[in-house]
Amino acid sequence: MGSAGPEDRLALAEQILIERVAADRGLPDLAEAGFFARRRVQSALAERGRGEPGALAPEDQALLVRYLEATPVPAERYADLARRRAEAVRDLLSQSHAVPPARLAVETAEAPAAPGVALELRAGGAE
């Protein structure tokens, strides 16, 4: 079972902002965010979306954190992350240890929990 929780919030919010910038929707309005600082943060997010470092000066990093904290993260994002974590573990077990994928069920937690993957081992055999 994969899970995702509050510890994942900022990373998920950053992904949402990266997607928003990539779609040319820019950053949402934020009080006291100057034009040039906003542009620098937007450029860094675009770079991160392309897999580049997207480094920021400390004052711009602080502005990015404000944007992240102000970005709502829908429950579906947590569920998707939890599912992807569980699938990654399933794929690793299947490829590295020759466990048939059909024997490994992928489940996600109903509510946000601590990030991670919980494994439940069941005896093999016909069902």
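Listing for the model above:
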quantity: Unmet criterion (only one of (1) surrounded by fewer than 11 Cβ atoms within 10 Å (Cβ to Cβ); (2) of a type in the set (A, V, I, L, M); (3) more than 23 Å from E7 (Cα to Cα)) for A46; calculated: (1)
quantity: Qualifying position, being of a type outside the set (V, I, T), over 16 Å from the mean Cα position of the chain (by Cα) and not in a loop (DSSP other than H, G, I, E, B), among Q95, Q15; calculated: Q95
quantity: Residue satisfying condition, being of a type in the set (K, R), without any contact (Cβ under 8 Å) to a residue 24 or more places away in the chain and surrounded by 14 or more Cβ atoms within 10 Å (Cβ to Cβ), within set R85, R40; calculated: R40
quantity: The range 79-127, subset among the hydroxyl-bearing types (S, T, Y) and at pLDDT 75 or above, residue farthest from S3 (Cα to Cα); calculated: S96
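The values are calculated or read from the model by the stated rules, or taken from the named source; none is laboratory data. Values in this document were obtained by computation on a predicted structure and should not be read as measured data. Don't worry about glycine lacking a Cβ; one is built from the backbone with ideal geometry, like all the others, and counts go over all protein chains shown.
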